[in-house]
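Engineer: Sharing a structure with you now.
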Amino acid sequence: MKSGNDRTLLDKIAAEVVQRNLTSVAILFFTASKPVAFIGASLLVFFKPILQIVAPSESVFRFIDLMHDRDNVEYLIQSIERQDREHRQGKN
């Protein structure tokens, strides 16, 4: 993890995932890509046009760069899980 801004970006992405009810799919994708983080990040380049729908280009490029590091992938997974848990508790 490089900075607080990076954590903020990953937390915002996690919030978007939870808000769009993509928690299971995202966790599956990021968990599966963690052992081969470089390939997973390269795959995100393919999905860049879709990602740009929910985030500005500079954030998408930074996100792709962050996903090359397994620690960042793990942080994102944990953030998605935490925010999903908080979201579900808020509904009850």
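Engineer: Among the candidates Val18, Val73, Val25, Val54, which residue alone is in contact with a helix residue (DSSP H, G or I) (Cβ under 6 Å, 6 or more places away or on another chain), within 27 Å of Glu86 (Cα to Cα) and without any contact (Cβ under 8 Å) to a residue 40 or more places away in the chain?
Structural biologist: Val54
Engineer: Does Ser79 meet the test of being exposed (fewer than 14 other Cβ atoms within 10 Å of the Cβ) and within 21 Å of Gln19 (Cα to Cα)?
Structural biologist: no
Engineer: For the stretch 36-92, give me each residue that is more than 12 Å from Leu9 (Cβ to Cβ) and basic (Lys, Arg).
Structural biologist: Hits for the stretch 36-92 are Lys48, Arg70, Arg82, Arg85, Arg88, Lys91.
Engineer: Need at least 2 residues that are of a type in the set (Gly, Ala, Ser) per element, so show me which helices (runs of 4 or more DSSP H) inside the stretch 9-88 make the cut, counting only ones lying wholly within it.
Structural biologist: 23-33, 37-46, 57-66
Every residue, every condition in (1) modelled with pLDDT of 85 or more; (2) under 15 Å from the mean Cα position of the chain (by Cα), yes or no:
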site	(1), (2)
Leu43	no, yes
Leu51	no, yes
Val54	no, yes
Phe63	yes, yes
His68	yes, yes
Val73	yes, yes
Leu76	yes, yes
Arg85	yes, no
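Engineer: Please find, within the stretch 16-41, the residue that is surrounded by the fewest Cβ atoms within 10 Å (Cβ to Cβ) out of those that are in contact with a His (Cβ under 9 Å, 6 or more places away or on another chain) and modelled with pLDDT of 90 or more.
Structural biologist: Here the answer is Gln19.
The values are calculated or read from the model by the stated rules, or taken from the named source; none is laboratory data. Note that the structure is a prediction, hence the values are computed from the model and not measured. When we count neighbours, we look across all protein chains shown, and the Cβ atoms used for this are built from the backbone with ideal geometry, even at glycine.
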